[in-house]
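Okay, structure first, notes after.
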Amino acid sequence: MKLILLGAPGAGKGTQAEKISTKYGIPSVSTGEILRAAIKDNTALGMEAKSFMDRGDLVPDAVVIGIIKEYLSSDNCKNGFILDGFPRSIPQAEALDAMGVTIDAVLDIEVDDAKIVERMSGRRVCLTCGATHHVVYNPPKKEGICDKCGKELTIRKDDAPETVLSRLETYHNITEPLKDYYSKKGNLVVVEGQEQVDETTKLVFEALSRFE
Ligand code: ADP
Ligand code: ZN
């Protein structure tokens, strides 16, 4: 299964990507996670991406397209993959088409803006393994500590309230047109993001079952 996850920042793409990855045994790749790891490691990629990300702007298309190209050519993507956070613009979607990849389904997780803003304020991420928690909706077993790897959880710089608003604007202007793009191709499925992670997962699995 080759999947794309669409949705506003904070809609829960990363969380659902993990569930799908476990159920179907396919890897999930998050461009945001790759970029954050690069920043943490002070690589050339990280230095290029940092200012864009801190402002809540998109990183230039060429940079993320390069990341995805490399990733999709790796062996562990042979049996399928989940793209979380890519494509995020029409040129990125066109670049993916040009790579000759056939996507089975594009799953769009819908959450309204007010809810997004509320969610982002409680989001905590693990910079070591990439896991995401939320202080209310998906709390770690031990406060401030990642369930998955036991390292410290942090607040993302771009989750600051004013940055969240500008990310939402970018989402509506540049990313949301992808819904139309994929709906015209006939493989868009829409799921309403729920309050509870497990409820969303249930809807996601139902929606994906027809692509098995
Ligand atoms: P969220 O979905 O919550 O916005 P991500 O981790 O997916 O978080 O992305 C964080 C940031 O990384 C984005 O705001 C953007 O700056 C950058 N980024 C991630 N994926 C892309 C992409 N496909 N194109 C451009 N920038 C990206
Ligand atoms: Zn972790």
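The values are calculated or read from the model by the stated rules, or taken from the named source; none is laboratory data. Here the structure is a predicted model, which means the values were calculated and not measured. Positions of Cβ are generated from backbone atoms using ideal geometry, with glycine treated the same way; all protein chains shown enter the neighbour counts. All accessible areas refer to the heavy atoms of the entire protein, side chains included, with ligands and DNA or RNA removed. Shrake-Rupley method; radii C 1.70, N 1.55, O 1.52, S 1.80 Å.
Observations on the structure shown:
- Some residue of region 67-89 being closer than 29 Å to Leu153 by Cβ, aromatic (Phe, Trp, Tyr), within 13 Å of ligand 1 (Cβ to nearest atom) and open to solvent by 40 Å² or more (accessible area, probe 1.4 Å): yes
- Residue match in region 58-80 (condition: part of a loop (DSSP other than H, G, I, E, B), under 15 Å from Arg167 (Cα atoms) and at pLDDT below 95): no
- The numbered conditions (1) more than 10 Å from ligand 1 (Cβ to nearest atom); (2) crowded, with 16+ Cβ neighbours inside 10 Å; (3) over 16 Å from Gly12 (Cβ atoms); (4) modelled with pLDDT under 95 are all true for Arg36 except (1).
- Residues of region 104-144 that are more than 15 Å from ligand 1 (Cβ to nearest atom), part of a loop (DSSP other than H, G, I, E, B) and hydrophobic (A, V, I, L, M, F, W, C): Val135, Val136.
- All conditions but one from (1) open to solvent by 50 Å² or more (accessible area, probe 1.4 Å); (2) touching a residue at least 24 places away in the same chain (Cβ under 8 Å); (3) under 27 Å from Asp54 (Cα atoms); (4) more than 16 Å from ligand 2 (Cβ to nearest atom) apply to Met120; the one that does not is (1).
- Pairs, first without any contact (Cβ under 8 Å) to a residue 24 or more places away in the chain in region 18-42, second part of a helix (DSSP H, G or I) and not charged (D, E, K, R), C-beta under 7 Å, six or more apart: Ala38/Leu45; Ala38/Gly46; Ala38/Ala49; Ile39/Gly46; Ile39/Ala49
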